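Okay, here's the structure, questions in a sec.
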């Protein structure tokens, strides 16, 4: 393979005589089917920018030629990614790399990537969030029950004075518990890697589900599953839990810094939370929602107020059910078709055609959703 790489590189170098633009040749020890992009100060560090996708010219070998009319900055700063910051280049020890720099405007520049991150992993333990049990028996007066509630705080929370956005997540048992029966999202590990890149500083409030009464508690109103207690549960989140969290932690309490999310039935109750209380939640993280329960979910709650700036990250897997993708697409379309909502609501739909209805795929999606919801200006 090395001889083939050398021959291809030589061919590209020879072309520079008649092609004076800057050529970047990248070799990598780890190669797969994912495309390689260049992200830098010349394109606002956008990943998956088709204008800066490299051409795969051999095994572990990529080439990019800047356009003849490219406006070079005084110094190019850039990194290589596999299409997302969760899949950015790392060194051979698994550490992050510094930005590459180049002042050339023509000729050939050779670069090498030893390894790539895969979905934000590996992680460093020193960046793990501080996991705090808020209460073994947090009172839910709306349901006359108690529940275990957790807080995941930024790793340097105790030594900083910052205030942070907050994400309320359902099904805490499956978010960071290594002994979870069906696996877990590994949000603690994903947050650790994001923290290493100075993004993702956020407080996560994780509420455990009601075990045998989980479906009833996440079911809102009268559905094919019967009469649920979801409205009372949502009132607990908005009227009891959020005020407690804002009083006891350094939060940014405004709606634009407050999100809610979950998967399956947890995703469904999170949708209802955002629809019923748009003045509370400005970010929605919705993974594989059980929209089959209410395929024509009522959006009339949204008519009570003027549309507000809201970001909704939707995910669906192609190997979940026959209707999952269609239901999620339909929900997005119905939402954005409402008068005035297309301008105010930004919805991103992520589809993995091989995705199954389980924690592994929701774990893959979590850091991408966090980045887009709270730390990105991208519309889609």
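Using a simple spin-label model with points 7 Å from Cα along the Cα→Cβ vector, what separation in nm is obtained for residue 103 and residue 41?
1.2
Using Cα-only point scatterers and the Debye equation, what is log10 of I(q)/I(0) for segment 21-139 at each q in 0.11, 0.21 Å⁻¹, rounded to two decimals?
Debye output, listed in q order: -0.42, -1.22.
May I pose another question? Which of 168, 277, 197 ends up with the largest GNM mean-square fluctuation for the chain, with Cα atoms connected below 10 Å?
Top of the fluctuation ranking is 197.
Same structure, new question: Give me the log10 of I(q) over I(0) for the chain at q = 0.09, 0.11, 0.14 Å⁻¹, as the Debye formula computes it from C-alpha points; what are the numbers?
-0.58, -0.82, -1.18
Just subtract the alpha-carbon distance of residue 279 and residue 376 from 0.36 nm times their residue separation and send over the number in nm, one decimal.
Answer, rounded to one decimal: 32.8 nm.
With springs connecting C-alpha atoms under 10 Å apart, model the chain as a Gaussian network and identify which of 278, 141, 289 has the largest mean-square fluctuation.
In the Gaussian network model the winner is 141.
Could I ask something else about it? Computed FRET efficiency, Cβ-Cβ of residue 296 and residue 256, R0 25 Å: what is it to the nearest 0.05?
0.30
With springs only between Cα atoms under 10 Å apart, run a GNM on the chain and tell me which of 270, 321, 288 wobbles the most.
321
I'd like the orientation of helix 324-337 relative to the chain: the angle between its Cα long axis and the longest Cα principal axis, in ° from 0 to 90, rounded to 10.
80
Report the dimensions of segment 211-362 along its three principal axes from the alpha-carbon atoms, largest first, rounded to Å.
Sorted from largest, the Cα extents of segment 211-362 read 43, 40, 30 Å.
Given points 7 Å out from each Cα along the Cα-Cβ axis, report the residue 72 to residue 246 separation in nanometres with one decimal.
It is 5.3 nm.
Using the alpha-carbon atoms, what tilt in degrees (0 to 90, nearest 10) does helix 2-15 show relative to the longest principal axis of the chain?
Between the helix axis and the principal axis of the chain, the angle is about 70 degrees.
At 7 Å along the Cα-to-beta-carbon direction for both residue 126 and residue 95, put a label point, then send me their distance in nm to one decimal.
About 1.0 nm separates the two model spin labels.
Within segment 226-265, whose backbone N sits under 18 Å from a point 7 Å along Cα→Cβ of residue 158?
249-250
Right, something else. What angle do you read, to the nearest 10 degrees and between 0 and 90, between the alpha-carbon axis of helix 265-276 and the longest principal axis of the chain?
On a 0 to 90 degree scale, this one is about 80.
Can you figure out the FRET efficiency of residue 224 with residue 32, using R₀ = 56 Å and their beta-carbon distance, to the nearest 0.05?
0.85
No value in this document is a laboratory result; all are computed from the given coordinates. The model shown is predicted, which means the values in this text are computed figures rather than measured ones. Cβ: placed from backbone, ideal geometry, glycine included. Neighbour counts: every protein chain shown.
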